[in-house]
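The structure appears right after this line, and notes come after that.
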Amino acid sequence: MRKNTRNSLFSNPTIKILPFILFSCVYYNTFYNAESSYKEALIIIEESPILEDDRFPAQAKKLLGDAIDNSKIVLKKYPESKYVDDAIFIIVKASFLRGESAIAESYFKQLLRDYPESKYVELSEIWLAYTFLRMDLVEQAKNKMNLIVMKKHKDKEKKYLIYNILAEIALIENNIVDVYMNYEKAAEFSPVTSKKVSMYSKLVLIAEKKH
């Protein structure tokens, strides 16, 4: 008796799980590409000389664009995946670095609203305050920072961001003493040497402007 090859084929458990494996690989690779592009852009930015207008190399801007595009694919095609909040966080940080503050604000609010249990919630609150500042919403930034400072964060990355924001607020208000104090604290909590150098470079630029 001839064996039914078709039925045998589709009853094979390996064949049944193959589409799931392929699906998982595709969406993970899409997210991985987004994450890799973002990290590569950060390295370029951190290794570039600091400029007064915060410009950075075109290659970094392109990589940030690639990171945003791939992250949006994750959101659109794989909305139930475990990488959704990661993808949103990449979009907001990359948009912020590209100077697209309104886009960053929108996605930060989406992350805080839709993913209250995300590991990025506290960081997103801090970045949102930074985004307000870049949008010239100084009072909103100050009000949010008052709440953030009260929480007394211990994480170095958060402290680094907090002191950077406080320094920029102080600079806007022409409070040079607080500018120096906060940038020095930011340098103290800098996660990498290049960022510490960046802090001191900013202090040199500020000093040169004031003399």
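The mean sequence distance of close C-alpha pairs (under 8 Å, at least 6 residues apart), as a share of the length of segment 56-186, puts its relative contact order at 15 percent. For the listed residue pairs LYS152/LYS185; LYS77/LYS109; LYS72/LYS93; LYS119/LYS159, the alpha carbons are within 24 angstrom of each other in every case.
Note on segment 58-196: with neighbouring protein chains present and a 1.4 Å probe, carbon and sulfur make up 51 percent of its accessible heavy-atom surface.
Length gained on full extension, LYS109 to ASN146: 11.5 nm, using 0.36 nm per residue less the C-alpha separation.
How would you classify segment 37-183 from its alpha-carbon gyration tensor, with a ≥ b ≥ c the square roots of the eigenvalues: rounded for a/c under 1.5, else prolate if a/b is greater than b/c, otherwise oblate?
Values: a/c = 2.02, a/b = 1.30, b/c = 1.56.
Since a/c reaches 1.5 but b/c is at least a/b, the shape of segment 37-183 is classed as oblate.
The local environment of LEU63, defined by Cβ-Cβ distances under 10 Å, has a net charge of +1 under the rule Lys, Arg +1 and Asp, Glu -1.
The values are calculated or read from the model by the stated rules, or taken from the named source; none is laboratory data. Note that the structure is predicted; figures quoted are calculated from it, not measured. FYI the Cβ positions are ideal-geometry reconstructions off the backbone, even for glycines, and counts take in every protein chain you see. Keep in mind that these areas ignore ligands, DNA and RNA; they rest on the heavy atoms of the full protein, side chains included. Shrake-Rupley method; radii C 1.70, N 1.55, O 1.52, S 1.80 Å.
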